[in-house]
Amino acid sequence: MTIHVIRVIREIMKARVIVQLNEGVLDPQGETIRRSLVKMGHSEVSRVRQGKFFEIELDGIDNKTDIHQLIEKIAHEVLSNPIIESYEIKEIS
């Protein structure tokens, strides 16, 4: 009797999402960073906007359309506050 072992290698997909404050929304953290940079001698820095970066790993979904829809939902409902923030899905690989 021969026993065959089959290894299933599942590809883990990664998505990268950047969340930033909308234009017109005050960014006190970005302004604090800008002032610090100017004090350090970087007078050419005129504006800093801070944001958040997320890298999400997904297992068990192979269809890129399904992954994009899921990441879109997660970014809108969990990662960002749509009233003051916008998000961009940078990469799905």
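In the stretch 73-93, the condition of being open to solvent by 70 Å² or more (accessible area, probe 1.4 Å) and at pLDDT below 95 is met by at least one residue.
Taking the criterion of being closer than 24 Å to I71 by Cα and either crowded, with 16+ Cβ neighbours inside 10 Å or touching a residue at least 40 places away in the same chain (Cβ under 8 Å) (or both), the residues of the stretch 13-38 that qualify are M13, K14, A15, R16, V17, I18, V19, Q20, L21, N22.
Step by step: first the residues of the stretch 54-63, then only those that are in contact with a strand residue (DSSP E or B) (Cβ under 6 Å, 6 or more places away or on another chain) and surrounded by 10 or more Cβ atoms within 10 Å (Cβ to Cβ), then the one that is nearest to Q29 (Cα to Cα). Which residue is that? That would be F54. Residues in the stretch 39-53 that are part of a loop (DSSP other than H, G, I, E, B) and within 22 Å of the chain's Cα centre (by Cα) were compared, and the one that is surrounded by the fewest Cβ atoms within 10 Å (Cβ to Cβ) is R47. Among the criteria (1) in contact with an Asp or Glu (Cβ under 6 Å, 6 or more places away or on another chain); (2) closer than 14 Å to I92 by Cβ, the one M13 does not fulfil is (1). If we scan the stretch 62-78, do we find a residue that is outside any helix (DSSP H, G or I) and in contact (Cβ under 8 Å) with a residue 12 or more places away in the chain? Yes - at least one qualifying residue is present in the stretch 62-78.
The values are calculated or read from the model by the stated rules, or taken from the named source; none is laboratory data. Nothing here was measured: the structure is a model prediction, and the numbers come from that model. Backbone-built Cβ (ideal geometry, glycine too); neighbour counts: all protein chains shown. Accessible surface is based on the protein model in full, side chains and every heavy atom, while ligands, DNA and RNA are left aside. Shrake-Rupley method; radii C 1.70, N 1.55, O 1.52, S 1.80 Å.
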